[in-house]
Amino acid sequence: MSSVLHVDLDRLARNIAVVRARVTPAALMLVVKDDAYGHGVAQVVRRAVAEGIGWIGAFDVATALEVRRAAGQEARVFVWMIAGEGAIRSALDADLDLGVGDAALLEEVAEVARVRGLRARIHLKIDTGLHRNGIRPEEWTDAVSRVVALAREGVVELTGVWSHIAEASDEEDDLSRAAFEQAVAAVTAAGFDRPIRHLAASAASSARAEFRYDLVRVGAFCYGIRPAGGPADAELGIAPIGSWEAEVLSVDGDRVRIDAGALDGLVSALAGRVDVTTPAGPRRLVAVDGVSAAVSGWNGASVGDVVRIYGADAASPTDLAEAIGTIGEEIALRVSPLVERRYH
Ligand SMILES: *Cc1c(COP(=O)(O)O)cnc(C)c1O
């Protein structure tokens, strides 16, 4: 077996239900960037759609097309990293919602739509301080005027206004939100009626009602990855959907070797700092090499025993991350795509 990442799709459904209950009446967009945070886009999307998720967010067009195939035609698929005419063409043909964060891309999208006789649904992004793509506030009025003209021409439709925030401090987020409000006001003043407003990801959508608007874009909490140094899983009502297990390869005195190493994505800095869950309970992870890792032994350890590195009834990805000063995503996203995913 080497090692297996078990993905609990029922748990995904429960996390989604919890997040949804908290953010309602705002709608929930499930974010599936980085292969659904390492869990596998297609399976995650199919289950999410079965649970009634109507919006899915993908970083790049290639992933968004995979989402469209898995989700069917009904779902709204939002993509926000779009580069090149080919990508724009594919995106429009697949009826995606496009996050547009610069004036040049707006013109490119309009041109492709014009040539193909389509109307592009765009969500205009205001840069509210993260400087990670987005139209700067001083350029917003001009961009909105262009959208007015392009909408009149019939090649674009202004579907939404959005931004992304740091979620690192309330003060900074409040400033971002003020900038977002101004951007929305400018769009409304230009005659666009009720654009879909979306600003918050996991943390702000959970903790701060005024950040929810019409739609929230949530990844981490749906996968059961809580923020490092933040509230506990129980408080948030979520639990990890992924459980990473490795078999015992050999028993050597007081050390047991397991079949997962740095090449499988086990972060070597964890050695000596965290416990993994063995049939006899928690034992220290003592060393990580390329293809295997060593764990403190237990009575009766034998080849073929299963050790849980993280997941249900064990440490969570964020628990491990906190031991080395990083975030849970860093642990979960490292698991190699070559490690088998098994869905339950
Ligand atoms: C990653 C991402 C999200 C989701 O963030 P989480 O903290 O995982 O919920 C939302 N929006 C954008 C633009 C993102 O890049």
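Odds and ends about this structure:
- Among 238-249, 34-45, the peptide with the highest mean count of other Cβ atoms within 10 Å heads the list, and the full ranking is 238-249, 34-45.
- Cα gyration tensor shape for the stretch 163-224, rounded if a/c is under 1.5, else prolate or oblate: oblate
- Carbon and sulfur %, accessible surface of the stretch 65-204 computed with the full protein complex present, 1.4 Å: 47 percent
- Computed with a 1.4 Å probe over protein heavy atoms only, the accessible surface of the stretch 1-160 comes to 41 Å² per residue.
- For the chain, built as a Gaussian network whose Cα springs stay under 10 Å, the top-fluctuating residue of TRP298, TRP55, TRP162: TRP298
- Measuring nothing but how far apart in sequence close Cα pairs (under 8 Å, 6+ apart) lie, relative to its length, the chain scores a relative contact order of 19 percent.
- Net charge, GLU167 excluded, C-beta distance under 10 Å - Lys, Arg +1, Asp, Glu -1: -2
- Positive contributions from Lys and Arg (+1) and negative ones from Asp and Glu (-1), summed over other residues with Cβ under 10 Å from the Cβ of THR277, come out at -1.
- For the chain, a Kirkwood radius taken over Cα pairs fed into Stokes-Einstein (20 °C, viscosity 1.002 mPa s) yields D = 100 µm²/s.
- Rel. contact order, % - alpha carbon contacts under 8 angstrom, at least six apart, the stretch 36-184: 17 percent
- With the helix formula -39500 (n - 2.57) applied to DSSP H stretches of n ≥ 4, the chain reaches a computed 222 nm mean residue ellipticity of -10500 deg cm²/dmol.
- Max mean-square fluctuation residue, GNM over the chain, Cα-Cα springs under 10 Å, options THR128, THR318, THR24: THR24
- In the context of the full set of protein chains, the stretch 218-321 has a per residue accessible area of 38 Å² (1.4 Å probe).
The values are calculated or read from the model by the stated rules, or taken from the named source; none is laboratory data. Just so it is clear, the structure is predicted and the values come from calculations on it, not from any experiment. We place every Cβ from the backbone using ideal geometry, glycine too, and count neighbours over all the protein chains shown. Note: accessible area is taken over every heavy atom of the protein model, side chains too, but ligands, DNA and RNA are not part of it. Shrake-Rupley method; radii C 1.70, N 1.55, O 1.52, S 1.80 Å.
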